[in-house]
1. Quick check on this structure: which one of LYS150, LYS167 is surrounded by fewer than 17 Cβ atoms within 10 Å (Cβ to Cβ), modelled with pLDDT of 90 or more, among the basic types (Lys, Arg) and within 25 Å of VAL83 (Cα to Cα)?
2. Would you check which residues across the range 155-169 are within 17 Å of GLY117 (Cβ to Cβ) and over 18 Å from the mean Cα position of the chain (by Cα) and list them?
3. Out of all the residues in the range 64-106, which are out of contact with any Leu (no Cβ under 6 Å at 6 or more places or on another chain), surrounded by 17 or more Cβ atoms within 10 Å (Cβ to Cβ) and of a type in the set (A, V, I, L, M, F, W, C)?
4. Just one of THR84, THR96, THR145, THR64 is without any contact (Cβ under 8 Å) to a residue 12 or more places away in the chain and of a type in the set (Val, Ile, Thr); which is it?
5. Residues that are over 16 Å from ALA163 (Cα atoms) and within 11 Å of the chain's Cα centre (by Cα): list the strands (runs of 3 or more DSSP E) wholly contained in the range 79-146 that include at least 2 such residues.
6. Does at least one position in the range 149-169 carry a residue that is of a type in the set (Ser, Thr, Tyr), assigned to a loop (DSSP other than H, G, I, E, B) and within 24 Å of MET65 (Cβ to Cβ)?
7. ASP156 passes all but one of (1) buried (at least 16 other Cβ atoms within 10 Å of the Cβ); (2) farther than 13 Å from GLN103 by Cβ; which number fails?
Amino acid sequence: MKNLAASALLASTLLAGPALAQDKAAQPAPDAQTSPMKTPPAGTAMPATANGAAAGSTGSGGMTMADTATAKIKFVTAKPAEVTASKLVGKTLYNTQNATVGQIEDLVIDDGKTVSGVVVSVGGFLGMGERYVLVDPSSIFLHRTDGSLKAMVDADQDALKTAPAFKYDKKST
C-alpha cells in the first residue's frame, strides 16, 4: 500500500517537472468570468484552491497524518503512470559523462501529496562510508531507452559527496 501511494505521488510530481514537462501553451486558460467552475467527472482531479485544497473538498487533497481514518475511501481513474516510485527507488544515478554518482534510495513527501526531495546515497563501498543527500526532483532527468529507465543529474561525484548530508534512517517507519 505504501508503494502504491508513493508511486501515484511520484508519477504526478515527476510528470509535472521539467524533465517530463508537457507544452502548456497549447491549452487555453479558462476565463474565470465567463466559465463558472464545474465539478469534474468522478475519477478526475479537482482544481486546487488558493490554500492548495481541491475545490469542493474539506481536506488538503493529500495523505494526512492521523490516529484513525476519518474520511471515506475514494477511488480514482488515472492514465497509466510513466514513472512509478517502485521503478525509481534503487535506480543508479548517472551524471552527464555516464559515470555512476549515486543511487536513489527514497522520496520525501510533503503535505502528503508533493514529492519535495529525492534521497540519494553517495560514496561508500558495500554500504561502508555511505551518506545521503537530498536532491530536488526537478534536477533529476529521466531517459527511457529499450524499455529501461535511466536517471541522470548534471553533477559530478564530488558535488554530491560534498553536498549537505541528509539524516536518513532506512529502518525507521
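1. It is LYS150.
2. Within the range 155-169, ALA155, ALA159, LEU160, ALA163, PRO164, ALA165, LYS167, ASP169 qualify.
3. LEU88, VAL89, LEU93
4. THR145
5. Of the strands (runs of 3 or more DSSP E) lying wholly inside the range 79-146, those with at least 2 residues that are over 16 Å from ALA163 (Cα atoms) and within 11 Å of the chain's Cα centre (by Cα) span 100-110, 114-122.
6. For the range 149-169, residues of a type in the set (Ser, Thr, Tyr), assigned to a loop (DSSP other than H, G, I, E, B) and within 24 Å of MET65 (Cβ to Cβ): present.
7. Condition not satisfied by ASP156: (1).
The values are calculated or read from the model by the stated rules, or taken from the named source; none is laboratory data. Treat the numbers as computed from the prediction; the structure is a model and nothing was measured. For neighbour counting, all protein chains shown are included, and Cβ atoms are generated from backbone atoms with ideal geometry for every residue, glycine included.
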